[in-house]
1. Starting with the fewest neighbours, write out TYR39, TYR94, TYR103, TYR84 ranked by other beta-carbon atoms found within 10 Å of each beta-carbon.
2. Could you give the angle, 0 to 90 degrees to the nearest 10, between helix 15-42's Cα long axis and the longest principal axis of the Cα atoms of the chain?
3. Residue separation times 0.36 nm, minus the C-alpha to C-alpha distance between GLU85 and SER67: what's the value?
4. Hey, can you grab everything whose amide H is under 5 Å from the amide H of HIS72? Only 5+ residues off in sequence or another chain; H modelled, so Pro and N-termini drop out.
5. For each of ILE21, ILE35, count neighbouring Cβ atoms within 10 Å of the residue's Cβ, then give the residues from fewest to most.
6. Taking the simple approach of a point 7 Å from Cα along Cα-to-Cβ for both LYS98 and ASP48, what is their distance in nm?
7. Please express the Cα-Cα pair-distance distribution P(r) of region 57-96 as a list of whole percents, one per 5 Å bin, running from 0 to the bin with the greatest distance.
8. Pull up the cross-link candidates among the aspartates and glutamates for LYS89, meaning alpha carbon to alpha carbon under 12 Å and not fewer than 8 places away within one chain.
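Nothing in this text is a laboratory measurement; each read-out follows from the coordinates by a stated rule. Quick caveat, the model's predicted, so the values are computed rather than measured. Reconstructed Cβ throughout: ideal geometry from the backbone, glycine too, with neighbour counts over all protein chains shown.
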Amino acid sequence: MGALDDFFALLEATEVMQQVIRSLKEEPAYLLGDICREYGRTGRPVSDHHLNLVGYLGEASLKALISAELVHQQTGNRLALYCYEPTDKGMEQYEGFKAGGFYQ
């Protein structure tokens, strides 16, 4: 293990980094829930201004959902740059999260 690997291991052992890693995994699930709930309520793609995207983590979460084909990005309307619609795969994940009690 090199000096850089030792440094990474030291940081990853801290509570702060454990929380960051947990957030990296959980934030996309919360964002998917927001998109699916709004889509279910309106039946329309969700405008970007309806989403709570805070900083890099919010943007990265949205990109991860798109890359995983859980959400489709569409051109927005006069009030939004983009709109997002859950895919069937995304809705299945959302329903599984709800059934498992993730969204409380």
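1. Details: TYR39 20, TYR94 23, TYR103 15, TYR84 28.
The fewest-first ordering by Cβ neighbours comes to TYR103, TYR39, TYR94, TYR84.
2. Long axis of 15-42 versus the principal axis of the chain: about 10 degrees.
3. Details: separation 18, 0.36 × 18 = 6.48 nm, distance 1.34 nm.
Separation in residues times 0.36 nm, less the Cα-Cα distance, equals 5.1 nm.
4. Those qualifying (amide H under 5 Å, at least 5 residues apart or on another chain) are GLU85, THR87.
5. On the way: ILE21 11, ILE35 25.
By the 10 Å Cβ count, ascending, the order reads ILE21, ILE35.
6. 2.8 nm
7. That works out to 6, 24, 25, 26, 14, 4, 1, in percent per bin.
8. Candidates past the 8-residue exclusion: GLU69.
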